[in-house]
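For reference, the structure is listed below as structure tokens.
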Amino acid sequence: MFTTTTTFIVYIFAMIVIGLYAARSTSSLKDYVLGGRSLGKVITGLSAGASDMSGWLLMGLPGALYVAGISQAWIAIGLTIGSWCNWKFVAARLRSFTQNASDALTLPDYFSARFKDKMRITAVISAFVILIFFVVYCASGMVSGARLFEQTFGLDYQNALLIGAVSTILYVCIGGFLAVSWTDAVQATLMIFALVITPVIIIADVGSISEANALVAAKGPDMANILKGTTFIGLISLAGWGLGYMGQPHILVRFMAASTVRGMGGARRISIAWMIFCLLGAVMVGYYGVAFAAKHPDISVDNPEQIFIIVTQTLFTPWLAGILLSAILAAVMSTLSCQLLVSSTTLTADFYHRLIRKSASQTELVWVGRIMLLLVAAVAYIIAMDPNSGILKLVSYAWAGFGASFGPTVLISVFWKKMTLPGAVFGMISGAVTVIVWEYFNFLDLYSLVPGFIISCVVIFVVSLLTQKNNKDVEELYTFLEKKFWQEVKGN
């Protein structure tokens, strides 16, 4: 216990030190929100991946594989395809469009600039969407951290929740975006190390791959069947997770902060390679975790989402276990920190600065951002206080909400010049409402992101075509943004 505790303390202290160092480069709201658009391709690629893969990667996904078998890997397949498409088709364009459209710092800023929204209707709507779904998303991260401290140190849930939340909030509040991005790169390295080595050690403990497969098969003949219990709707639901990437503000902000458009190709390759190794490792931990449990019947796995923690504590030396368990903390902190930052900057830039104090100084805005971060964290903390909160359930709801409301709007806005302000407004609203209603009634057992994304796209196209009359200025701006994008691609 002493060894693991020491490892965790050193890790958390290192993250706070990075936050303090980053604070020296944070003197304006632009620094606090986007790090001055200075991220290189390595940091961009790794931080995008780390902010994407929360505690869900090392807890939620392995837990799903442990319970249902390899058929749950469709989630990983859908996410990989969706992430690649997001990098390929959205990343560079969004980076260019946001800078050249009034140097937008947030998604709400971008929507207002892109559609000449003088009333800032899109900013207000998107800000509300961000706050509603990010509070839920942040709560899932806090639950992941609480489960880690609860299982590792034998703490009661409420104390574990408090420690995990405070650890993350402190360095984000101090250093802002640069602290989040630099620590994400460190955390991404730790996560991939843990997910590559752990499945190998599980198989070695069991004896061989064939023995491990036999023990998994003993649990159920369909554990190795990737189509087990799946229907067409079920497959669409699992693979449909990939649609959500184009609407996740905490991932899109990494594209916006990149130093150049031309570096996006290299960042994409780094991020996708990292993602494939991590997802494959998480799938194998959950799947072969069944073999581990069969070989060690004396070890209780009451909560499947804790299988990675249990395996690590059992098979590794205390020092190495502490390092590997820090990977879970890394996954939690990397995503939660970015989510808190995006939420706080939305409140600061799109409400406080735009609507309350337009004359606020940069120093004042940075401090308001920190206060707003604490406010969002407090609300998420209250939600996470329920010990019965499921990590995967919370993540899936927030992921669907962002994917359906922002995904179609972002994607179409960077490719179609005839998209109008009303189209964007009603597209976002229809996507968000569809997810909320669908989740409540659970129609057809279809993941709410899929119908939400489709309905939002249809609404955007239909409403935009019906409101073309006064769209000339918006189309001219798109033509300008498209021209600037290709100039940047060519290095002009």
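The values are calculated or read from the model by the stated rules, or taken from the named source; none is laboratory data. Remember, it's a predicted structure, so these values are computed and weren't measured experimentally. Positions of Cβ are generated from backbone atoms using ideal geometry, with glycine treated the same way; all protein chains shown enter the neighbour counts.
If you check Leu411, Leu481, Leu465, Leu477, which single one turns out to be hydrophobic (A, V, I, L, M, F, W, C) and farther than 30 Å from Gly265 by Cα?
Among Leu411, Leu481, Leu465, Leu477, only Leu465 is hydrophobic (A, V, I, L, M, F, W, C) and farther than 30 Å from Gly265 by Cα.
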Looking at the stretch 422-461, which of the residues that are within 24 Å of Lys118 (Cβ to Cβ) and aliphatic (A, V, I, L, M) is surrounded by the fewest Cβ atoms within 10 Å (Cβ to Cβ)? Ile429
What do you reckon, is Leu444 closer than 23 Å to Gln72 by Cα and touching a Leu at 6+ places or on another chain (Cβ under 7 Å)? no
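Quick one: in the stretch 266-311, of everything that is basic (Lys, Arg) and under 21 Å from the mean Cα position of the chain (by Cα), which residue is nearest to Phe193 (Cα to Cα)?
Restricting attention to the stretch 266-311, the residues satisfying the condition of being basic (Lys, Arg) are 268-269, 295.
Among the residues that remain, those that are also under 21 Å from the mean Cα position of the chain (by Cα) are: 268-269.
On the way: Arg268: 20, Arg269: 18 Å.
Applying the filter and picking the extreme gives Arg269.
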Can you find a residue that is within 30 Å of Thr230 (Cα to Cα) and of a type outside the set (D, E, K, R) anywhere in the stretch 414-431? yes
From the list Asp298, Asp302, exactly one residue is modelled with pLDDT under 85 and in a loop (DSSP other than H, G, I, E, B). Which is it? Asp302
May I ask you to list pairs of residues, at least six apart or on different chains, whose Cβ atoms are under 6 Å apart, with the first in the stretch 300-329 being over 21 Å from Ala14 (Cβ atoms) and touching a residue at least 40 places away in the same chain (Cβ under 8 Å) and the second being assigned to a helix (DSSP H, G or I) and acidic (Asp, Glu)? Leu315/Asp205
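Residue by residue through the stretch 423-476, note down the ones that are of a type in the set (A, V, I, L, M, F, W, C) and touching a residue at least 60 places away in the same chain (Cβ under 8 Å).
The answer is Ala424, Val425, Met428, Ile429, Ala432, Leu444, Leu446, Leu449, Val450, Phe453, Val474.
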Consider the stretch 435-457. How many of its residues are among the small types (Gly, Ala, Ser) and touching a Phe, Trp or Tyr at 6+ places or on another chain (Cβ under 7 Å)? 2
Kindly indicate whether any position in the stretch 253-266 is of a type in the set (Phe, Trp, Tyr) and in contact (Cβ under 8 Å) with a residue 24 or more places away in the chain. yes
Any residue in the stretch 223-243 that is farther than 15 Å from Leu65 by Cβ and touching a residue at least 40 places away in the same chain (Cβ under 8 Å) sitting within a Cβ distance under 9 Å of a residue that is in a helix (DSSP H, G or I) and aromatic (Phe, Trp, Tyr)? List the pairs, counting only those 6 or more apart or interchain. Gly234/Trp74; Leu235/Trp74; Ser237/Trp74; Ala239/Trp74; Gly240/Phe453; Gly242/Trp84; Leu243/Phe453
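For residues that are over 24 Å from the mean Cα position of the chain (by Cα) and either outside any helix (DSSP H, G or I) or on the phi > 0 side of the Ramachandran plot (or both), tally how many sit in the stretch 96-124. Show your work before the answer.
From the stretch 96-124, those over 24 Å from the mean Cα position of the chain (by Cα) are 100-102, 113-121; that's our starting set.
Keeping just the survivors that are either outside any helix (DSSP H, G or I) or on the phi > 0 side of the Ramachandran plot (or both) gives 101-102, 115-120.
Summing the residues that are over 24 Å from the mean Cα position of the chain (by Cα) and either outside any helix (DSSP H, G or I) or on the phi > 0 side of the Ramachandran plot (or both) in the stretch 96-124 gives 8.
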Residues Ala146, Ala92: which one is in a helix (DSSP H, G or I), out of contact with any strand residue (DSSP E or B) (no Cβ under 9 Å at 6 or more places or on another chain) and more than 30 Å from Ala212 (Cβ to Cβ)? Ala146
One residue is enough: does the stretch 279-293 have a residue meeting the conditions among the hydroxyl-bearing types (Ser, Thr, Tyr) and assigned to a helix (DSSP H, G or I)? yes
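Can you tell me which residue among Ser448, Ser464 is within 17 Å of Leu243 (Cα to Cα), of a type in the set (S, T, N, Q) and touching a helix residue (DSSP H, G or I) at 6+ places or on another chain (Cβ under 8 Å)?
Checking each option against the conditions leaves just Ser448.
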With respect to Thr409, determine if the residue is touching a Gly at 6+ places or on another chain (Cβ under 6 Å) and at pLDDT 95 or above. yes
Give the stretch 343-377 a look and list any residue that's among the hydroxyl-bearing types (Ser, Thr, Tyr) and more than 21 Å from Tyr110 (Cβ to Cβ), or say none. Ser359, Ser361, Thr363
Kindly indicate whether any position in the stretch 125-132 is in a helix (DSSP H, G or I), without any contact (Cβ under 8 Å) to a residue 12 or more places away in the chain and closer than 15 Å to Gln248 by Cα. yes
If you go through the stretch 341-354 one residue at a time, do you hit one that is farther than 24 Å from Ile121 by Cβ, of a type outside the set (Val, Ile, Thr) and either modelled with pLDDT under 75 or out of contact with any helix residue (DSSP H, G or I) (no Cβ under 7 Å at 6 or more places or on another chain) (or both)? yes
Helices (runs of 4 or more DSSP H) within the stretch 204-273 that include 1 or more residues under 18 Å from Leu46 (Cβ atoms) and in contact with a helix residue (DSSP H, G or I) (Cβ under 6 Å, 6 or more places away or on another chain): 249-257
Regarding Ile70, is this residue surrounded by fewer than 22 Cβ atoms within 10 Å (Cβ to Cβ), farther than 30 Å from Ser259 by Cβ and aliphatic (A, V, I, L, M)? yes
Listed residues Lys484, Lys490; which is among the basic types (Lys, Arg), at pLDDT below 95, surrounded by 15 or more Cβ atoms within 10 Å (Cβ to Cβ) and closer than 24 Å to Lys88 by Cβ? Lys484
